[in-house]
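Here's the structure, in structure tokens; my notes come after.
The values are calculated or read from the model by the stated rules, or taken from the named source; none is laboratory data. Small disclaimer: the values here were computed from a predicted structure and weren't measured. Note that we place each Cβ from the backbone using ideal geometry, even for glycine, and neighbour counts take in every protein chain shown.
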Amino acid sequence: MIALHFAAAPTDAARAAFDRLTARYGQASVEAAEIIVALGGDGLMLETIHATLARGVPVYGMNCGSVGFLMNDYSEAGLIERVGRALGNDLFPLHMHVVTMSGAVEEALAFNEVSLLRQLRQAAKIRIAIDGTVRLQELICDGVLLATPAGSTAYNLSAHGPIVPLSANLLPLTPISAFRPRRWRGALLASNSDVLFEILEPEKRPVAAVADFTEVRDILTVAVSEDRTVRARILSDPDRALSERIIREQFTV
């Protein structure tokens with residue numbers, strides 16, 4: 001039997017599912033587990049990926065939340081057979097390197113997106129350079145984000161950014177409520193691009209940077225690039241293949 005470790009979100013539905021599944025299939029330690037089973041929504045899936053990244057163990061999610069785009073349907077029957085048939089997708093994170101106004105340096109990984117967000121009532125002013133060339137001298141906005149293909153259906157899509165197939169080797173760069181330039185709707189960048197965000201007027205217009213759920217406030221610069229030395233593997237049922245769901249999402253009306 002495949003050794004499973006179950007991780008649950010702190011909700012009544014997820015905790016109840018955890019109790020039933022561990023009673024039925026047992027609970028291996030994280031160190032002994034061959035597959036991690038995440039019970040919750042997409043937030044719990046991201047937390048589980050980050051928490052178990054060093055182990056290199058695949059994560060199989062079952063939806064006990066709301067949207068659950070990264071999750072499989074919840075069912076208690078035949079779980080060993082389901083994970084045995086599941087399809088794998090390798091996700092590569094974005095690496096965020098932040099310098100703050102105090103001179104501190106912070107780093108974090110993001111499997112969905114790195115977003116820059118204004119902290120106060122004043123709009124942010126941000127300069128954007130790609131591979132050492134300034135492409136946008138001044139973006140006045142509520143924020144801006146760089147997403148992974150897997151994350152392109154999350155915050156990026158809500159900000160009217162494009163959905164990107166997993167195999168496209170592209171990263172969507174999307175403004176959040178851009179005021180100037182008014183007609184700029186973002187860009188699609190090669191996945192090996194090095195992106196640098198510089199905060200203009202940081203004392204007057206402070207900005208925070210967020211990599212998935214890691215937030216750094218009062219930033220000066222944020223450098224972002226895809227990190228191919230790090231990989232997370234998530235498992236999907238054949239009828240819930242992640243690549244297919246991303247394509248299907250582009251035709252949802």
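Say we look at the stretch 98-108 and pick out the residues that are free of Cβ contacts under 8 Å to residues at least 24 places away in the same chain and not in a loop (DSSP other than H, G, I, E, B); which of these is surrounded by the fewest Cβ atoms within 10 Å (Cβ to Cβ)?
Applying the filter and picking the extreme gives Val105.
Looking at (1) surrounded by fewer than 18 Cβ atoms within 10 Å (Cβ to Cβ); (2) closer than 24 Å to Ser158 by Cβ, which is the only condition Ala54 fails?
(2)
Has the stretch 165-173 got at least one residue that is assigned by TED's automatic domain parsing to the domain that holds Ala104, farther than 22 Å from Gly43 by Cβ, surrounded by 20 or more Cβ atoms within 10 Å (Cβ to Cβ) and under 17 Å from the mean Cα position of the chain (by Cα)?
yes
Strands (runs of 3 or more DSSP E) wholly in the stretch 165-215 with at least 1 residues that are farther than 21 Å from Asp131 by Cβ - which ones?
Filter on the stretch 165-215 gives 170-176, 207-211.
So Arg118 ticks every box in (1) among the basic types (Lys, Arg); (2) buried (at least 18 other Cβ atoms within 10 Å of the Cβ); (3) closer than 24 Å to Ser167 by Cβ but one. Which box is left unticked?
Result: Arg118 passes all but (3).
Could you please give the count of residues in the stretch 114-131 that are within 20 Å of the chain's Cα centre (by Cα) and without any contact (Cβ under 8 Å) to a residue 60 or more places away in the chain?
0
Select from the stretch 109-131 the residues that are assigned to a loop (DSSP other than H, G, I, E, B) and touching a strand residue (DSSP E or B) at 6+ places or on another chain (Cβ under 8 Å) and list them in ascending order. Step through it out loud before you land on a result.
First pass over the stretch 109-131, keeping only residues assigned to a loop (DSSP other than H, G, I, E, B): 111-112, 119-123, 131.
Scanning the stretch 109-131 gives Phe111, Asn112, Gln119, Ala123.
What number goes with the only condition from (1) polar (S, T, N, Q); (2) over 18 Å from His97 (Cα atoms); (3) out of contact with any helix residue (DSSP H, G or I) (no Cβ under 6 Å at 6 or more places or on another chain) that Thr174 does not pass?
Every listed condition holds for Thr174 apart from (3).
Mind listing whichever residues of the stretch 216-253 are assigned to a loop (DSSP other than H, G, I, E, B) and either touching a residue at least 24 places away in the same chain (Cβ under 8 Å) or hydrophobic (A, V, I, L, M, F, W, C) (or both)?
Arg217, Asp218, Asp227, Arg228, Val230, Arg231, Asp237, Ala241, Gln250, Phe251, Val253
Against the condition on the phi < 0 side of the Ramachandran plot and of a type outside the set (Lys, Arg), how does Asn192 come out, does it pass?
yes
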